[in-house]
Amino acid sequence: MICPKCNDVVEDFVLCNKCGGQYHYVCAGVSELSYRKMGVEKKAGWRCITCRSPQLTETHPSLSDVLKEIKSFRNDFSTMKVEFTNIKSDIQCTMQHIKELSSKLDTMEGRFIEFDRRLTSSEQKLSTLSIVQKDLLSTQKTIAELKAQNNSHDQYSRQNNIEISGIPTKKGENVYTILNDLCATVGFQLSDHDIDSIHRVRPYPSSRTESNNEPTRPASIIVRFCQRRRKDQLIAAVRARAAASPPHTSDCPARRAPCTLNVRGLRTKSHSFLANVLQSDYDLIVLTETWLTPDYHDAEYFHTKYIVFRQDRKSTDGQGARGGGVLIAARRELRARPRPEWRSRPAAEELWVTLELDAATTAAVGAARPSRPAPRPCRAANASSNLHVACCYFPHGNNHSESLQNFYDNTFDILQNNLNDNFLILGDFNISNASWDSFNDSTQSFKLSTNSDGLAGDLCDFMNLSNFRQYNGCVNSNGRVLDLVLSSDKCTVSNSTTPLTPEDAHHKSLDITLNLQTHAFIQNVKTRLKLIYHAADFKAIGKEISRVNWIADLATLNTEESFIVFALCVAVASAATIPVDSKSAVITSQEFDNIGVNGYNYKYVSSDGKSASEEAVLKNPGTETEAIEVRGVFSYVGNDGVLYEVKYISNEKGFQPQGAHLPKA
């Protein structure tokens, strides 16, 4: 059989019930599976596409119909032409956008390619950097070891050397003769076989030294001994001679105490500074901005008659590695000792030193202190006392105000714990806009003329609370006082006529004369306790105060008596609820008894005169109302020397004072 559609032979076919044509499944548009699933009736009624299509009848349209159709076609064509024009315009616009988008995509593609290239390069560099870092650490370790070995070898090679400095250079001099004269002066027998070599070294003045017009120091003489033993013997002879006769002449300035100076760096000034120190006779030398590091030894700047205390700036202090640093040098007979525990914070550029002065020493220093009221008692006559000296430097910066406030608070605590001692605070506070006016009295001290600024106001509060006066009126080139001299006793401050280093335009070198004199004992004031107010039960205090009928109780009292009664009530109500700082009082004895789940007994006595006893009992055990009830008695000695006693109960209702709080006596 032949398929009517493709004219090909067909064996398995689909039969049209109208025309009888036998079609391939594909030509009939029916899948074989679908056709086989048809029922008999459906197969019998199936027709091919040709038979299903409507049959067109051949008609002959008239001329008018043809013209109308042509006219309609032309109208449709015109409309289509307009639409095609619009479509063309839209297509052109779309093409333009596509071109722009394509250009941007090309740009982005280039940037992504560049980014990928840079990322790949960074990864390669990072991997290389990791290797370089390991090599660098290894190299640094090797360099450090080599430096240590080199220093060790260098020191070993110089162990027989000594350096003689300060001897002027003369034309045609014989350095061996100079050494012979020196040995004869100190009583050392020098032999020709003792010396291996001797020569002067060439000095190399720094540009900083030249700019400061500092005197050029004579070249040192280096002596190399054949035996280390002989070198040590010469050094011992020199030290013995120095101890027997100090190296300053009899026409040196009169003894002064102390000297203070902002030196703006000592690293390059060791020679001139040491020479000036040897020619002076200060009891104390106080320096700020030393710029020193542990690599610079005290012996480079001071004679052995001084004990030197330093607080060098460290890179971990948050102020940077360069600059800063404070120093106090005290004569050995003053028995100075450092007080590192008094620093306001670990990173503070602050140094405290205590000088132990007996009555004879303090009386010899100067005249009597002025008679003015003081919150702290004076020391007893003929008794030993201490002078606490502080040297501090507060650089400008974000923490300037905080550092000053920490110093004020810390110093006030120190004052409270050392009521019978004298204090002298020296340093650069950097409060540049503080103005000072002289007091109209004989103290030669100065007061703040304005305290509108926050820093100046804080300083004014600190001075008033601590009873300090400021004695420095020497202004700098800008008419300001940056270096303050705060003292609890009268002193005299003047510009130094022989500064130890060239003066800075902003900081004058100061000579200070202290006028310390022993005073008769006034009265014994006990140290005030530190109370932890933020941990107090203020509701209980208010409740206790409200229990008093103030109108009736104060009706017959005058203002002073009313104030005393009110203050007594507040003090007693507060005493049982405000905790005491553990640093201000020490428990001298305490007892525990019957400590367990059912209660306890507790007693204690503290060093500040307070005592307490408590008994705790478990009420209604095993029930829903089970609770601990504490009954106690608290006693203390008031500022008037009278013993007071407070009884109280503490249970589920809270703290409840019991009875009138009157003197126990």
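Listed conditions (1) more than 43 Å from the chain's Cα centre (by Cα); (2) without any contact (Cβ under 8 Å) to a residue 40 or more places away in the chain are all met by GLY187, apart from (2). Looking only at residues in the stretch 623-665 that are among the polar types (S, T, N, Q) and exposed (fewer than 11 other Cβ atoms within 10 Å of the Cβ), the one that is modelled with the highest pLDDT is THR623.
Here THR177 clears all of (1) on the phi > 0 side of the Ramachandran plot; (2) exposed (fewer than 10 other Cβ atoms within 10 Å of the Cβ) except the condition numbered (1). One residue alone among PHE446, PHE407, PHE423 is modelled with pLDDT under 90 and of a type in the set (Phe, Trp, Tyr), and that residue is PHE446. Within the stretch 35-55, the set of residues being farther than 16 Å from PRO4 by Cβ and surrounded by 12 or more Cβ atoms within 10 Å (Cβ to Cβ) comprises TYR35, MET38, LYS43. Could you tell me whether VAL485 is of a type in the set (Val, Ile, Thr), closer than 12 Å to LEU510 by Cα and without any contact (Cβ under 8 Å) to a residue 40 or more places away in the chain? No; evaluated as a whole, the condition is false for this residue. With respect to the conditions (1) in the same structural domain as SER220 (by TED's automatic domain parsing); (2) part of a helix (DSSP H, G or I); (3) loosely packed, with under 11 Cβ neighbours inside 10 Å, SER127 lacks only one, and its number is (1).
So is THR79 over 30 Å from ASP196 (Cβ atoms) and of a type in the set (Ser, Thr, Tyr) or not?
On the way: over 30 Å from ASP196 (Cβ atoms): yes; of a type in the set (Ser, Thr, Tyr): yes.
Yes: the conditions hold for THR79.
Is it the case, given these coordinates, that GLU163 is of a type outside the set (Lys, Arg) and within 25 Å of ARG229 (Cβ to Cβ)? Answer is yes for this residue.
Contact annotation: no residue pair with Cβ atoms under 8 Å, 6 or more positions apart or on different chains, pairs a residue in the stretch 131-153 that is assigned to a helix (DSSP H, G or I) with a partner that is surrounded by 10 or more Cβ atoms within 10 Å (Cβ to Cβ) and among the β-branched types (Val, Ile, Thr).
Tell me yes or no: at least one residue of the stretch 135-156 is of a type in the set (A, V, I, L, M) and touching a strand residue (DSSP E or B) at 6+ places or on another chain (Cβ under 7 Å).
Narrowing the stretch 135-156 to residues of a type in the set (A, V, I, L, M): 136-137, 143-144, 146, 148.
Imposing the further condition that a residue be touching a strand residue (DSSP E or B) at 6+ places or on another chain (Cβ under 7 Å) reduces the set to none.
So far as the stretch 135-156 goes, no, none of its residues is of a type in the set (A, V, I, L, M) and touching a strand residue (DSSP E or B) at 6+ places or on another chain (Cβ under 7 Å).
I need the full set of residues from the stretch 328-352 which are among the charged types (D, E, K, R) and part of a helix (DSSP H, G or I), in order please.
ARG332, GLU333, GLU341
The values are calculated or read from the model by the stated rules, or taken from the named source; none is laboratory data. As the structure is a prediction and not an experimental result, all values here were calculated from the model. Glycine also receives a Cβ, built like all others from the backbone with ideal geometry; neighbour counts cover every protein chain displayed.
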